[in-house]
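See below for the structure under consideration.
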Amino acid sequence: MEYFKGIILVLVATLFWGVASPIAKLMVAANIHVLSALVIRNAFVVGMLGMWFLFFKRESLTKAFFEKEQFYLVASFLSVICNTGGYAMSLQYLSASEAIILHYTFPLFTSITSLYFAHEKPRCGDIFSGILILCGVYIAVVGAGVPHLEEMPTSGILWGCVSVCGITSLVFFTRKRAQAERIDQYKLLFFSNLFGGIGLFICKTIFIGWADVANFTFQYLSITLFQAVTSTFVAYAFFYSALNYIPASFVSVITSFEIVVVFIFGFLLIDAIPTVAEILGCVLIIFAISCSAIRTRFIDSLRKLMYAIQLKKQRRHWRS
């Protein structure tokens, strides 16, 4: 039951994350810097969770922070500054499709390196699924007219690499913590958005400025707050919770479903009609995720069956 709960949590998270890329491109087209929207989202989530803890949970957040300050600070750096901030900056230079193909190299890296970082032996199925996903992404984005790697802006590639390193490290870091104790996803969300948001605010103030805030209309502000609830609050809460139930490598494979969601919402929001290659790539990605999920469940069931047979034989031996 926990296995399926973990899968559903990650799938819902990817559904909300998938909305972010098309909306980000809409804001870039309106001369709104994506980091401005991110800082507003972080502030809104911190305020919402802060009031919830203060009036309903009645817990001391100061005490909770100093109990695990190192964990919260590292998680905020990896999740908000590196992963979310890096991906948002890559969208300033790359198209949504170009950013996606760079970002979703991380499931393969996570599967290969999970033994060293999370002490979880990567299954051949997860590695194979990661390769299939990479092929599916490549087919899809080539069909969308993405140029060759050497034609893509270097700044966009570098920011995309920052995002990949951030999400890969975040998956290992939180999964390793979840193996030792259960993660409180709401406290993790509060502190990661608080300190990560402060970091993004300082960086944008120093290097970019806030002139673009004048372009925020009521419509874009409403969209930003909607994303704060869905893409930041709900998605990350479900993502962190899923790491309590399923391995890091499997989590990273399932998150690849976001690519399918990006193409669907790209069609619905910005009239980006998917090509045959994009549809074929999405089918390949769904197939890869399904193979990994089915194979994991099949192996677990087979292990339980073999254990039950062995236990039954031992009992017969003891009776004789």
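Taken together, the values in this text are just the output of simple stated rules run on the coordinates, not laboratory data. Small disclaimer: the values here were computed from a predicted structure and weren't measured. A quick note on method: Cβ atoms are made from the backbone with ideal geometry, for glycine too, and the neighbour counts reach across all protein chains shown.
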For the table LYS25/LYS204; LYS68/LYS176; LYS5/LYS25; LYS5/LYS176; LYS68/LYS187, the rows whose alpha-carbon distance is greater than 21 Å are LYS5/LYS25
Express in whole angstrom the spacing between the alpha-carbon centres of region 1-43 and region 65-84.
19
Inter-label distance for SER222 and ALA29, nm, one decimal - labels placed 7 Å from Cα along Cα-to-Cβ:
1.8
Sites matching trypsin sites (Lys or Arg not before Pro) across region 163-214 that sit in DSSP coil, with at most 12 neighbouring C-beta atoms within 10 Å:
ARG182
